[in-house]
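Data block below; observations after.
The values are calculated or read from the model by the stated rules, or taken from the named source; none is laboratory data. The shown structure was predicted, so the numbers you read here are calculated from the model rather than taken from an experiment. A quick note on method: Cβ atoms are made from the backbone with ideal geometry, for glycine too, and the neighbour counts reach across all protein chains shown. Just so you know, the surface numbers come from the protein's heavy atoms only, side chains and all, with ligands and any DNA or RNA stripped out. Shrake-Rupley method; radii C 1.70, N 1.55, O 1.52, S 1.80 Å.
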Amino acid sequence: MKKYLTHLTAIALFIIVSGITNQAVSQTASIRGFVYEKESGEPIIFTNVYLYKTTYGAATDVNGYFAITKIPPGKYTLLVTYMGYDTLTKEVDLKAGTIQDEILNLEKSSVMLQTVNVSAERQAARTETRTSIVKVTPLEIRQIPSVGGQPDIAQYLQILPGVIFTGDQGGQLYIRGGSPIQNKVLLDGMVIYNPFHSIGMFSVFDTDILRNADIYTGGFNAEHGGRISSVMDITTRDGNKKKYSGKIGASTFGAKAMIEGPIKKQSDDGGGSSSFVLSVKNSYLEQSSKVFYEYVDKDGLPFNFLDLYGKVSINAANGSKVNLFGFNFTDQVNYKDISNYSWDAAGGGANFVVIPGSSPVLMEGILAYSSYKMTLEEEFTRPRTSSINGFNAGLNFTYFIGKDEMKYGLELNGFKTNFQFSNSVGQKIQQEENTTEIAGYFKYKLTKGKFLIEPGLRLQWYASLSDVSLEPRFAMKYNASKATRLKLAAGFYSQNLISARSDRDVVNLFYGFLSGPDNLPEEFDGKEIKDKLQKAQHIIVGIEQDVTQYITVNLEVYYKNFSQLTNLNRNKIYDENTAPPDTPDEQKKDFIVETGYADGIDFSLKYDYNRLYLWAAYSFAFVERYDGDSWYYPHYDRRHNVNFLASYTMGDRREWEVGMRWNFGTGFPFTQTQGYFEKLLFSGGINANYLTENGDLGIQYAELNGGRLPTYHRMDFNVKRKFFLSENTLLEADLSVSNVYDRNNVFYVNRVTNSVVYQLPIMPSLGLSLSF
């Protein structure tokens, strides 16, 4: 233990000392700063900033920050270009050994562009490794049919290759063989334990306050850890620094409102400022469905949710800032005669960005707390409850060294889990645990000719398990030509959290959280278990091809080896403390060890020109698990998944838009029911009379996940119309139809009553929103 603490202390001292040490004076110059939208003061992300007629340049990050270093001294023209904004030029005189700070404000163009400028995106594709990473902005989200009148990231994620959703209901996300517990979700750096509502078309995030979302489907580098499959890193806007504005909207599904504005207004010549943004959205489908969708269920559709999010930003004149934020998300669904499922999430925190005065470094930090509690009550089984709450903190440093970049940091996480569950034989499983995790990481992006090379290393200590995981990561891209790029990503990953679910459910609702137990079986598949962590190794290879200026094709082949997983023991019969001597572990342990793998091919094609946007994606995948006795398919294994999206804008001001999306997926596996029997509990022990005692209903299960549900497919369609009421006021009407041809897709089957709940039928919806 002392050795591990010594290593972590050394890393911490290195990071802190390096983070505050000034760069040695050199014979070159540097220029850095932020790019903002002049009208609102909001950062402009992922735009190119470069010195005209040179090779020196950089792209802004999610905060609008850029840094160009190792520049020969002299006079240059600084140029900033971004689609929809006037090009900005500024003369600069750079001196040796100095860092010049710039705050750049872009004005919206008064000319309606008739073509789409994709140069910034193509430039980023050549200068970032971006293997298995999808960057999502509100612009992309709004291009898909907005089911229920509200565009949502949950609807957008469903069209990405390698991403599997359980459908309209259930609200669960599976990414390249990873279950929801293996997908890390961050909102402004704060951990979110469930980002999706029970009605799977809506997330907890309001699209109108999102700035950017990075979706890592695998092979992520060292800055992320604690999960073994994927990461969603979502950032919200800071709020308008110049004027008050907002948006209100309502549809047959739900309503929303957003307001933002300055607390201390930013002056035209810059200076410090503060701003806020507040968002609230809810579903009243349970009530409105009795009016509009009585044909679906005369008792109404049982979906209710309420999402609140608020943020205050305090900004310094040089671009440094502090954000304070908080949220409360709730969800409840009551399936009549089947189950009652609900969850509640809340939290808050602060993050900051600091620009030291004399060093080309970006310093970022986060301190946040969040909690989550869920309950599932079913008619014929005991209630299941699960809760998790805790904090996460981090400190990150990024150095810009010419075209290269170095990033490192520290993380500290602490959480408490509480879980109660009874398995199919009535044995109660309960756990309450406190856990602490400490991590340090380092990565370096090297640009060498046509190669981008990005090695990384993460060291993670799991205090509750007294275990350390050393995790090398690697990414590389080769720019074979301006149109062709080859890429690779690989890494080692570990995780403590495990899921609490029943593999016997036909379709699963409950997904609880547990801290990884240290009381595991001594052996697995005849071999001694030496590690208590869940572990995985990823490797992804791919190719990007710009077929034309407006067509891009992406192909990736991936393999995830889940070398050790922890799962609930569905075969537990005895309590471990009272089990007979020589009882095997699989009959008395709460948890078992498994292994598995996920592999597949993901293909996507994008066409984006003028008024037409097309997207096609196909995934071919296998996911298997081995429990020490037999191989089986987990309930989210889907062999084929197809998505097609098309949208087209019309009118002189592009005020009309039509869109269509179609999804096809082969059936999920499930465990079939062979029969029923009377299960005697012998509550009186040896004195029980089996001739007169009334037993419970017992279920005889077939092979684990040996059956397949029917295929899933659905088409959605929508039409949007914008009404420009004034320069700053916009009314938008949205007519959408989900499940256009009324496909009966299975959602849930109760084993005892054989009651079937289908995914939502054909449902037209009308929505209106007013932006001001």
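Tabulated data for the structure shown
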| item | result |
| --- | --- |
| Net charge contributed by nearby residues that have their C-beta within less than 14 Å of Leu306 (K/R +1, D/E -1) | -3 |
| Pairs from Lys38/Lys108; Lys403/Lys445; Lys243/Lys281 whose Cα-Cα separation, in the structure shown, is over 18 Å | Lys243/Lys281 |
| Over region 462-621, relative contact order from alpha-carbon pairs under 8 Å, at least 6 apart, % | 20 |
| Beta bridges by DSSP in region 163-292, antiparallel share as percent, to the nearest 5 | 85 |
| Apportionment of accessible area to carbon and sulfur, region 166-247, percent (1.4 Å) | 48 |
| Violating pairs (Cα-Cα greater than 27 angstrom) within the set Lys477/Lys532; Lys53/Lys242; Lys184/Lys416; Lys256/Lys290 | Lys477/Lys532; Lys53/Lys242 |
| Interatomic Cα distance distribution for the chain, bins of 20 angstrom, percent | 15, 49, 30, 5, 0 |
| Two-site label geometry, Gln27 and Gln672: point separation in nm, points 7 Å out along Cα→Cβ | 7.9 |
| Length added when fully stretched, Lys108-Lys243, from 0.36 nm per residue minus Cα-Cα | 47.0 nm |
| Whole-percent carbon and sulfur share, accessible surface of region 451-543, 1.4 Å | 58 |
| DSSP-defined beta bridges in region 302-395 - what % are antiparallel, rounded to 5 | 100 |
| All-pairs alpha carbon distance profile, region 651-746, 5 Å steps from 0, percent | 3, 10, 11, 9, 8, 8, 8, 7, 7, 6, 6, 5, 5, 3, 3, 2, 1, 0 |
| Å² per residue, accessible surface of the chain at 1.4 Å | 41 |
| Theoretical gain in end-to-end length, Asp86 to Asn754 [0.36 nm per residue, Cα-Cα removed] | 234.3 nm |
| Rounded to 5, percent antiparallel among DSSP beta bridges of the chain | 95 |
| Sulfur and carbon atoms: percent of accessible area, region 590-737 [1.4 Å] | 58 |
| Per residue, the convex hull volume that the Cα atoms of region 258-409 enclose (Å³) | 186 |
| Cα-based convex hull volume of region 196-285 per residue, rounded to whole Å³ | 138 |
| Solvent exposure ordering (accessible area, 1.4 Å, most first) of Ser738, Ser466 | Ser466, Ser738 |
